[in-house]
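These notes are about the structure you will find just below.
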């Protein structure tokens, strides 16, 4: 007699492969290498290695507007910290890390605490690091400021010469007004008002040209460097400064030119 075997539960172990790791790359990297979200790439700590870690591109992000990264032209990859530790074999070590505070008032105390406890490195404000890495841009900014001052001085002299020539061409009209009994102050005021109107119209035209030039500069260099950084900015303060300088220089040029004409006797203006 064959004994009846009891039904035994069967247990099947299914080995589920671990999910594939994902990384994020910047827009410049994606455009240069022709990569898209979902593509698979191989990461390796050694350049040119045949074997490595196969990962999937999970996101393509836009680079921050950091002036210090423009000149280097780095292509960046973001991955999870444990993934980076395994891939690089660096262990539990970091070169630098960032700490965010809830308010700016806490920054001095946080810096003091880190510098007092840690050994081998120092904590700095992100603003101070940005200043140190942007010295080239500061030099360029000073150079542009110097060019602006020279341009303003040269344009004011040129404007004064143009106003003197234009007023000198109207000497017969001014002489006729003087002989009709129009006072010197009225002649001076009319010329100054005309110069002010011309300065305002010129400044408006200059602001429009400057705004269009700024848009073209930003479009060209943002496409060239693949960055959202603003290379040229037309701010309200710059517009107000330009209009104020144009108006002041126009009025001064009008006053100088008109006073020179008003002091000349009417008959002398007719050439007699």
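The values are calculated or read from the model by the stated rules, or taken from the named source; none is laboratory data. This one's a predicted model, so the numbers in the text were calculated from it and none came from an experiment. Cβ atoms come from the backbone with ideal geometry, glycine included; neighbour counts cover every protein chain shown.
Looking only at the stretch 118-144, residues that are part of a helix (DSSP H, G or I) and modelled with pLDDT of 80 or more come to 2 in all. The test for being touching a helix residue (DSSP H, G or I) at 6+ places or on another chain (Cβ under 7 Å) and in a helix (DSSP H, G or I) does not hold for residue 153. Hey, residue 172 hits all of (1) over 30 Å from residue 62 (Cβ atoms); (2) surrounded by 12 or more Cβ atoms within 10 Å (Cβ to Cβ); (3) modelled with pLDDT of 80 or more but one; which does it fall short on? Of everything listed in (1) over 30 Å from residue 62 (Cβ atoms); (2) surrounded by 12 or more Cβ atoms within 10 Å (Cβ to Cβ); (3) modelled with pLDDT of 80 or more, residue 172 misses just condition (3). Counting only helices (runs of 4 or more DSSP H) that fall entirely inside the stretch 159-272 and contain at least 2 residues that are over 30 Å from residue 27 (Cβ atoms) and without any contact (Cβ under 8 Å) to a residue 60 or more places away in the chain, the qualifying elements are 171-179, 184-225, 236-262. Here 198, 239, 207, 188 are screened, and the one residue that is in contact with a helix residue (DSSP H, G or I) (Cβ under 8 Å, 6 or more places away or on another chain), surrounded by 15 or more Cβ atoms within 10 Å (Cβ to Cβ) and farther than 30 Å from residue 144 by Cβ is 188. Return the residue satisfying two criteria in turn: it lies in the stretch 136-152 and is more than 18 Å from residue 239 (Cα to Cα) and surrounded by 11 or more Cβ atoms within 10 Å (Cβ to Cβ), and of such residues it is nearest to the chain's Cα centre (by Cα). Checked the stretch 136-152; the qualifying residue nearest to the chain's Cα centre (by Cα) is 137. Of all the listed residues (247, 212, 224), the sole one being outside the structural domain of residue 29 (by TED's automatic domain parsing), exposed (fewer than 15 other Cβ atoms within 10 Å of the Cβ) and farther than 30 Å from residue 60 by Cα is 212.
Taking the criterion of being in a loop (DSSP other than H, G, I, E, B) and either surrounded by 11 or more Cβ atoms within 10 Å (Cβ to Cβ) or at pLDDT 80 or above (or both), the residues of the stretch 75-93 that qualify are 75, 76, 79, 80, 90.
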